[in-house]
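K.L.:
There's a structure below that I have some questions on.
The values are calculated or read from the model by the stated rules, or taken from the named source; none is laboratory data. If you're wondering where the values come from, they're calculated on a predicted model, not measured in any experiment. Don't worry about glycine lacking a Cβ; one is built from the backbone with ideal geometry, like all the others, and counts go over all protein chains shown.
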Amino acid sequence: MTGNKTFPEGTKTSQDVMGPQTIITGNRNDGNLMVIFSENDMEAYADFIPPVAEGAPINQTLVRAILAKLNIAYGIRWRNIRNGVNECNQTRKLVKNVLIAKGLRPVSEVGEYFEVNPHLGERSKPPEGSKRVDYRAYTPFIIVKKNQTLALLKKRKEGRDGKNIHGVSVPFPVLHPDGVRGGANTRTEGEYIYAEIDGQLVEKNKVLEITDSLTIKGPVGYATGNIIFPGNVTISGPVSDGFKIYCGGSISIKQTFDVTDAIARGDLTVSGGIIGRGLGQLKIGGSIKTKFIENCRAAARKTITVTSEINNSTVYTLESVEMGDRGLILGGEIYAVNKVRTGGIGRKIGKSSKLHLGIDFTAEQEKEKNNDNLKILDAKIRKLREILETEEAGSGRRPRLEDMLKQLLEEQQKAADKITELLGRVIANENASVEVLGAIIPGTLIEICQVALFIAEPLHHVRLRLDKDTGKIVVESL
């Protein structure tokens, strides 16, 4: 066996160890060996030097004498030596760097320590070899669930002494890995560290902590991926188009929110504005506060506060829409249970504005779904009845078709009953009103508790409400 090993600094040759006596020879033309040691005497390599002219070839006696003189007594690789001797003697060429002895390296003792669960953060990078990757689905944040395993105790690993090529014992080292330990919102039980809450896993100085809030100091984009977090989310930069946010708490965005799809159980606060590009959807369990809403579909259970304008958007709230004194509603539709207060409504050119007050939009949407379902059921029932009219009385299919008809009629009745129930919920507030500090532009439609008023002439500084006695919308000066 031959090779071209490059030896590290600190290796020593036989001359370094024993001087010229290392090479045992009767004639300077005879074949010989030059032995090189690794720094820790765990390995020895030899250069096989061919004989010159009539010099004697290398033989086993010479090799054994050199090994004995250098005290190489353990891990001798005789096969390598024989191959090196044969190649050198036959080719009469120098054979370099042949491993002739190798010691037994010690096995380190490793103390017990907690190791981070390697399966955490699987969303941090796409799988290797993936050809089509949506990088928005990957995030650098490690999000964990309550009771998820964060770390596992690695038990003590026993060590074993080694032996160098001189047969001298080499003691094993003892290692104490710098493992992790549990911190805030974690618990340690036996061999495991668990998360105590849903949140972001943060490791600081080998301490694992779970935070119930996520702070992104820059923008949301490909560097962060989509944001899916169980607690509150604070974003210092803008949110780019195409990225989704699903949040179990509240969302705070310091700049512009380019909405693709966002859901939050808590509030949404946007210091800049909200841009939906016609497809953006917001579903917020609390309130919304922002500078403007543009080309977006936004729904909130609590009050929506917009300082400047709502432009070409559909906005839903189970409370009120509050705008600044100069705030404008420019096109689109507004659904509010209690009140809309704004500086102005509509524009002279462009899409008209429609306001629906006193309506529970969730009940209205559910009613529409049931109406659609009723239409589908009605079509199925009519088709099935046509089939039954042509089916012979003794037909084997008839009982099964009659059962199907019975089931469809039961579903139809349930849908009709549900619509009746929802009708009682749709009208949510007969005291709802619209207050406009500036002008309402002609072409605007205002509906309160399903009573509509089309604005044909400009109105200024007015309140609109439902007169329950007459069942009409009245216009009052503010």
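K.L.:
Taking the options SER213, SER250, name whichever one is at pLDDT 95 or above and under 19 Å from the mean Cα position of the chain (by Cα).
P.N.:
Sole residue among the options that is at pLDDT 95 or above and under 19 Å from the mean Cα position of the chain (by Cα): SER250.
K.L.:
Could you tell me whether region 213-223 includes any residue that is on the phi < 0 side of the Ramachandran plot, free of Cβ contacts under 8 Å to residues at least 40 places away in the same chain and of a type in the set (Lys, Arg)?
P.N.:
yes
K.L.:
Let me ask something else about it. Please verify whether ILE197 is in contact with a strand residue (DSSP E or B) (Cβ under 6 Å, 6 or more places away or on another chain) and either among the hydroxyl-bearing types (Ser, Thr, Tyr) or not in a strand (DSSP E or B) (or both), treating the condition exactly as stated. Even if it seems obvious, please write down each step before you answer.
P.N.:
Details: in contact with a strand residue (DSSP E or B) (Cβ under 6 Å, 6 or more places away or on another chain): yes; either among the hydroxyl-bearing types (Ser, Thr, Tyr) or not in a strand (DSSP E or B) (or both): yes.
Yes; evaluated as a whole, the condition is true for this residue.
K.L.:
Could you list all residues from region 342-358 that are assigned to a loop (DSSP other than H, G, I, E, B) and either over 15 Å from ARG465 (Cα atoms) or among the polar types (S, T, N, Q) (or both)? Steps first, please.
P.N.:
First pass over region 342-358, keeping only residues assigned to a loop (DSSP other than H, G, I, E, B): 343, 346-352, 358.
Within region 342-358, GLY343, GLY346, ARG347, LYS348, ILE349, GLY350, LYS351, SER352 qualify.
K.L.:
Before we move on, is SER240 under 19 Å from the mean Cα position of the chain (by Cα), among the small types (Gly, Ala, Ser) and at pLDDT 95 or above?
P.N.:
In short, no.
K.L.:
A further question on this structure: Limited to region 299-331, what total is found for residues that are in contact with a Gly (Cβ under 8 Å, 6 or more places away or on another chain) and under 16 Å from GLY276 (Cβ atoms)?
P.N.:
13
K.L.:
Within region 104-123, can you find the residues that are of a type in the set (A, V, I, L, M), surrounded by 16 or more Cβ atoms within 10 Å (Cβ to Cβ) and part of a strand (DSSP E or B)?
P.N.:
LEU104, VAL110, VAL116
K.L.:
Quick one: in region 359-381, which of the residues that are touching a Lys or Arg at 6+ places or on another chain (Cβ under 6 Å) and assigned to a helix (DSSP H, G or I) is nearest to ASP403 (Cα to Cα)? Before the answer, list the steps.
P.N.:
The initial filter retains those residues of region 359-381 that are touching a Lys or Arg at 6+ places or on another chain (Cβ under 6 Å), namely 360, 363, 370.
Next, only the ones that are assigned to a helix (DSSP H, G or I) stay: 363, 370.
On the way: ALA363: 32, ASN370: 23 Å.
In this case the residue turns out to be ASN370.
K.L.:
Here is a check on your reading of the model: is ALA415 touching a Leu at 6+ places or on another chain (Cβ under 9 Å) and at pLDDT 90 or above?
P.N.:
no
K.L.:
Same structure, new question: In region 148-166, which residues are outside any strand (DSSP E or B) and either touching a Cys at 6+ places or on another chain (Cβ under 9 Å) or under 30 Å from PRO230 (Cα atoms) (or both)? Give the steps one after another, and end with the answer.
P.N.:
As a first pass, look at region 148-166 and keep what is outside any strand (DSSP E or B): 148, 155-156, 158-159, 161, 164-166.
Result: GLN148, single match.
K.L.:
Turning to a different aspect of this structure: Please enumerate the residues belonging to region 65-103 that are surrounded by 14 or more Cβ atoms within 10 Å (Cβ to Cβ) and among the charged types (D, E, K, R).
P.N.:
Passing the criteria: LYS69, ARG77, GLU87, LYS96, LYS102.
K.L.:
Residue by residue through region 406-452, note down the ones that are under 23 Å from ILE381 (Cα atoms) and aliphatic (A, V, I, L, M).
P.N.:
Answer for region 406-452, where residues must be under 23 Å from ILE381 (Cα atoms) and aliphatic (A, V, I, L, M): LEU408, LEU409, ALA415, ALA416, ILE419.
K.L.:
Looking at region 190-201, can you tell me whether even one residue there is surrounded by fewer than 16 Cβ atoms within 10 Å (Cβ to Cβ) and in contact (Cβ under 8 Å) with a residue 60 or more places away in the chain?
P.N.:
No.
K.L.:
Answer with yes or no whether ILE251 is in contact with a Leu (Cβ under 7 Å, 6 or more places away or on another chain), assigned by TED's automatic domain parsing to the domain that holds PRO219 and free of Cβ contacts under 8 Å to residues at least 60 places away in the same chain.
P.N.:
Here the answer is yes, as ILE251 does meet what is asked.
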